[in-house]
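Asker: Here it is: the structure, laid out below.
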Amino acid sequence: MSLISLEHVSKTYPNGHKALDDVSVSVAAGEVLAIIGPSGCGKSTLLRTVNGLEPVDSGQILVNGRDVASKQTKLKDVRSDVGMVFQSYDLFPHLTVMDNLLLAPKVVKGADLAEARSRALALLERVGLAEKADARPRELSGGQKQRVAIVRALMMHPKALLLDEITASLDPEIVREVLDVVVGLARDGMTMIVVTHEMGFARAVADRVAFMDAGHIVEIAPPEEFFAAPTSERAQRFLDQLVF
Ligand SMILES: Nc1ncnc2c1ncn2[C@@H]1O[C@H](COP(=O)(O)OP(=O)(O)OP(=O)(O)O)[C@@H](O)[C@H]1O
Ligand SMILES: [Mg+2]
């Protein structure tokens with residue numbers, strides 16, 4: 001059964017720009033879907049629709065059995081099922097790493113904060129940042145901040161993660177440490193939709209790669225097939241112009 005599914009989803013922004021045009025795709029539990037494609041093709045819009053940050057005009061999105069657009073659905077529930085990490089880490093600068101991680105657990109009624117704290121420490125340990133719990137974001141490198149942002153998304157036991165170009169603002173030599181964390185999560189069976197322009201990463205982490213252009217998913221295939229022989233002329237051109 002799929003954990004996330006989009007069926008004939010279309011979305012036009014108020015300025016008239018059609019960002020998603022009849023998109024259908026589903027992601028099974030434990031699967032990693034990478035989304036690639038040129039700037040402006042609708043990748044971020046697609047991710048934002050999945051956790052209800054962006055309403056759609058038509059079509060249906062199901063997350064863990066919930067219809068995201070339904071009035072009966074609480075977006076809070078959808079967002080606790082799917083954590084999201086963006087290109088900018090947006091940690092609160094005045095809070096320590098630990099306090100950033102405890103923000104979400106603290107607003108849950110009756111949450112066990114001791115348990116949340118030990119989960120935070122275990123997750124920090126896992127991403128190699130155990131000693132940074134009391135640091136402030138400005139004392140961390142970009143890669144460290146992004147690893148904290150991933151831990152923050154994991155704090156509420158999400159069933160899936162949506163990652164939007166999480167290495168795009170990092171120096172090339174730091175990209176690796178963040179991608180390694182994601183590869184580890186994939187190995188552990190975390191369901192993910194990963195928007196990236198790191199083709200090596202898409203190849204390493206994805207079960208399937210979706211190539212988007214102008215609001216459409218043009219083709220979708222396992223990475224070894226897609227990168228060896230993209231079937232659409234548009235994807236071939238996209239790959240040809242990349243610098244490896
Ligand atoms: N809030 C908005 N209002 C109007 N148009 C928007 C809005 N957000 C995005 N768009 C437009 O919708 C299209 C898709 O944008 P989106 O951010 O999803 O692209 P993207 O594939 O993530 O691009 P990039 O690779 O540059 O991040 C673009 O043409 C963009 O200009
Ligand atoms: Mg984007």
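The values are calculated or read from the model by the stated rules, or taken from the named source; none is laboratory data. The shown structure was predicted, so the numbers you read here are calculated from the model rather than taken from an experiment. Cβ sites come from the backbone with ideal geometry, for glycine too, and all protein chains shown count toward neighbours. For the accessible areas, the whole protein counts, side chains as well, though only heavy atoms, and no ligand, DNA or RNA atoms are used. Shrake-Rupley method; radii C 1.70, N 1.55, O 1.52, S 1.80 Å.
Asker: How much area per residue is accessible in segment 118-173 when the probe is 1.4 Å and only protein heavy atoms are counted (Å²)?
Answerer: Computed with neighbouring chains in place, this is 44 Å² per residue.
Asker: Another one. What figure in square angstrom, to the nearest 10, would you give for the accessible area of Thr49 with a 1.4 Å probe?
Answerer: Thr49 has an accessible surface of roughly 0 Å² with all protein chains in place.
Asker: Glu224 to Leu242: extension gain in nm, 0.36 nm per residue of separation minus the Cα-Cα distance? Don't skip to the end; give the middle numbers.
Answerer: On the way: separation 18, 0.36 × 18 = 6.48 nm, distance 1.71 nm.
Difference between extended and current length: 4.8 nm.
Asker: With every protein chain left in place, what is the accessible area per residue of segment 44-113 in square angstrom, probe 1.4 Å?
Answerer: Computed with neighbouring chains in place, this is 54 Å² per residue.
Asker: Where does helix 97-107 land angle-wise versus the long Cα axis of the chain, in degrees 0 to 90, nearest 10?
Answerer: Roughly 80 degrees between the two axes.
Asker: Identify which of Ala202, Ala116, Ala149 has the largest mean-square fluctuation in a Gaussian network model of the chain, with springs joining Cα atoms closer than 10 Å.
Answerer: Residue with maximal mean-square fluctuation among Ala202, Ala116, Ala149: Ala116.
Asker: So between Ala122 and Arg187, what do we pick up on full extension, going 0.36 nm a residue minus the alpha carbon distance?
Answerer: 21.6 nm
Asker: At 222 nm, what helix-only mean residue ellipticity would the chain give, in deg cm²/dmol to the nearest 500, using -39500 (n - 2.57) for each DSSP H run of four or more?
Answerer: Calculated from helices alone, the mean residue ellipticity at 222 nm is -11000 deg cm²/dmol.
Asker: Can you tell me how segment 149-226 classifies by the Cα gyration tensor, rounded, prolate or oblate, using a/c under 1.5 as the rounded cut?
Answerer: prolate
Asker: Which one, Leu33, Leu129, Leu163, has the greatest fluctuation when you compute a Gaussian network model over the chain with C-alpha springs under 10 angstrom?
Answerer: Leu129
Asker: If you don't mind, another one. Would you be so kind as to identify which of Leu154, Leu113, Gly59 lies farthest towards the positive end of the dipole of the chain, taking Lys and Arg as +1 and Asp and Glu as -1 on Cβ and the Cα centre as origin?
Answerer: Positive-most Cα among the choices belongs to Leu113.
Asker: Under 5 Å between amide hydrogens, which residues at least 5 positions from Leu20 or on another chain qualify, with H placed 1.01 Å from N in the peptide plane?
Answerer: Here the answer is Lys11, since their amide H atoms fall under 5 Å of that of Leu20.
Asker: Which one, His17, His216, His157, has the greatest fluctuation when you compute a Gaussian network model over the chain with C-alpha springs under 10 angstrom?
Answerer: Checking each option, the largest mean-square fluctuation is seen for His17.
Asker: Something else: Can you tell me the order of 36-43, 62-69 when each peptide is scored by its average per-residue count of other Cβ atoms within 10 angstrom, highest first? Working shown, then result.
Answerer: Working: 36-43: 19.0, 62-69: 17.4.
So the peptides 36-43, 62-69, ranked by packing, come out 36-43, 62-69.
Asker: Counting only protein heavy atoms, what percent of the accessible surface of the chain is carbon or sulfur at a 1.4 Å probe?
Answerer: Numbers: 5930 of 11730 Å².
Roughly 51 percent, rounded to a whole number.
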